[in-house]
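These notes are about the structure you will find just below.
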Amino acid sequence: MDDNEFVTQTTADYDDDNASMIIMPPCNMEGISNFGKYFLPPFYIIIFIVSILGNGLVLFIIYKFEKLNTVNNILLINLVASDLVFTLSLPFQAIYHSSEWTFGSLGCKLMNTTYFLGFYSSVLFLTLITFDRYLAVVHVVAAAKQRQSCYAFAASTVIWIISAVASLETYFNHDVEDDIVQGLICGDTSDPDFRVFGPYALFAMFFVFPLVITLYCYIRIGLRVISSRMKSKHRPLKLIFTIVVLFFMCWTPYNVILLMKEIVNEGSCDYSLVYPQYITHNIANLYFCINPIFYTFLGRKFQNHVRQLLVTRLPCLKDHITVSTSIRSYSR
C-alpha cells in the first residue's frame, strides 16, 4: 500500500467510525520527522556534553578558588544548577527523536518536568542576578546591609519553589500516546481549558516579566556607571549583560512563535509556524551549551582561574601561561 492509499483509507476509517464528527487526518510531518531523526540526536548529545563539561568547570572553579557563601557565588551556583537540570533531559530527547518513546509514562513525565524546571529556574535566576547587580551598583548603601548570604539563600529557595510549582503541571499533563503514524509519542495530553497555568500566563511570568525587570535594571545600572565613571564595574557588568542578552536572543524567537501559534488555529496543518517553532526551539536549547563558555572566556577572573588550574595540573605550561595574582575574588 502506497502513502496515498494509506491516507485515503485512514480518512475513510475516521469517517466510518465518527459519522457525526469532522476529523481531519494527521498532518504530514514526514519532512520534520526525517530532519529530527538524523540531525537532533547528535545535536542534543553535543549540547549535553559541552554543557556538562562547561558548567562542571564553572562549579569546580568556584569550589577551588572562590568563597562559596558570597551572594554572587550562591546565585551563580544556582544558575549553573538550573542549566544542569535542563541538560539532564537532553539525552532522553536525543533517543526519542531517533525513534518512538521507549521510557514509559513516568519517564515521559520526568523528562518534560526536568526540561521546564531547568528552563523556568534559569530565567528567574538570570533575572535575580541582574536585580542583585542593580542593588549593588545603584543602591550601594542599602545593598551593603541587605545583601547577606541569607538573602541569597532565601531568594534562591523561592525561585526553586516557583519553578517547581510551574513545572509540576507539566508532570500531570504529559503522558504517552499511541499515534497511528509515529507510534508511541510523549506529549501534552491535557485539555487546554483545564490548565492552571495557561500559555499566556507562562509567557507573562517567564518572559515578559523577566524582560521588563532586566531592561529596567540595566538602564539604571548604565546611567549610574556612566555618571559615576566606575571603571571597576564595567567588565563584570559587561559579562552579566552579555549572558542575559544571549539568553533573550536565544529564547525570544521561540516564545514569540509559541504565542503566535496560540493565537492562530492550533489544529491546522499550517507549516508557516511549525517549521519556525522547530528551528527556534533548537536554537533556544543552544543557550545552555553556550552559557558556561561565556562564563569561562569572557570573565577575566574566570580566565585567570582556568590558567591557574592548568598551571597547577600541567606544570610544563608554567612558562607559557601567565597567571595574575592581582585579580580579586568576587565580592559580596
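Report whether or not A144 is more than 27 Å from N255 (Cα to Cα) and among the aliphatic types (A, V, I, L, M).
So A144 fits the description; yes.
Which one is farthest from G56 (Cα to Cα), of the residues in the stretch 312-323 that are part of a helix (DSSP H, G or I) and at pLDDT below 75?
Among them, the one singled out is C316.
State the number of residues belonging to the stretch 128-168 that are among the polar types (S, T, N, Q) and at pLDDT 90 or above.
Selection size over the stretch 128-168: 4.
Can you confirm whether L258 is surrounded by 17 or more Cβ atoms within 10 Å (Cβ to Cβ), part of a helix (DSSP H, G or I) and modelled with pLDDT of 75 or more?
yes
Yes or no: V176 touching a residue at least 60 places away in the same chain (Cβ under 8 Å) and in contact with a strand residue (DSSP E or B) (Cβ under 9 Å, 6 or more places away or on another chain)?
It is true that V176 is touching a residue at least 60 places away in the same chain (Cβ under 8 Å) and in contact with a strand residue (DSSP E or B) (Cβ under 9 Å, 6 or more places away or on another chain).
Could you list all residues from the stretch 177-214 that are surrounded by 12 or more Cβ atoms within 10 Å (Cβ to Cβ), modelled with pLDDT of 85 or more and among the charged types (D, E, K, R)?
E177
Do we find a residue being among the polar types (S, T, N, Q) and crowded, with 22+ Cβ neighbours inside 10 Å anywhere in the stretch 141-162?
No, the stretch 141-162 contains no residue that is among the polar types (S, T, N, Q) and crowded, with 22+ Cβ neighbours inside 10 Å.
Take the conditions crowded, with 17+ Cβ neighbours inside 10 Å, at pLDDT 90 or above and of a type outside the set (F, W, Y) and apply them to I52. Does it pass?
Judged against the criteria, I52 is a match.
Does the stretch 130-137 contain any residue that is in a helix (DSSP H, G or I) and touching a strand residue (DSSP E or B) at 6+ places or on another chain (Cβ under 6 Å)?
no
When residues of the stretch 67-98 are filtered for being assigned to a helix (DSSP H, G or I), among the aliphatic types (A, V, I, L, M) and closer than 18 Å to F116 by Cα, how many remain?
Result for the stretch 67-98: 7.
Restricting the stretch 79-116 to residues that are of a type in the set (V, I, T) and buried (at least 19 other Cβ atoms within 10 Å of the Cβ), which is nearest to I243 (Cα to Cα)?
Result: V80.
Criterion first (among the hydrophobic types (A, V, I, L, M, F, W, C), surrounded by 12 or more Cβ atoms within 10 Å (Cβ to Cβ), in a helix (DSSP H, G or I) and at pLDDT below 80) does F302 satisfy it?
In short, yes.
So which residues in the stretch 145-154 are in a helix (DSSP H, G or I) and touching a residue at least 40 places away in the same chain (Cβ under 8 Å)?
The answer is S149, Y151, A152, F153.
Starting from residues that are in a strand (DSSP E or B) and more than 23 Å from the chain's Cα centre (by Cα), keep the ones in the stretch 165-204 and report whichever is farthest from G104 (Cα to Cα).
D179
Do you know which residues across the stretch 216-241 are surrounded by fewer than 14 Cβ atoms within 10 Å (Cβ to Cβ) and either part of a helix (DSSP H, G or I) or at pLDDT 80 or above (or both)?
Result: Y216, I219, G222, L223, I226, S227, S228, K231, S232, H234, R235, K238.
The values are calculated or read from the model by the stated rules, or taken from the named source; none is laboratory data. In this text the structure is predicted, and so the values were computed from the model without any measurement. Methodologically, a virtual Cβ is constructed for each residue, glycine included, from the backbone with ideal geometry; neighbour enumeration extends over all protein chains shown.
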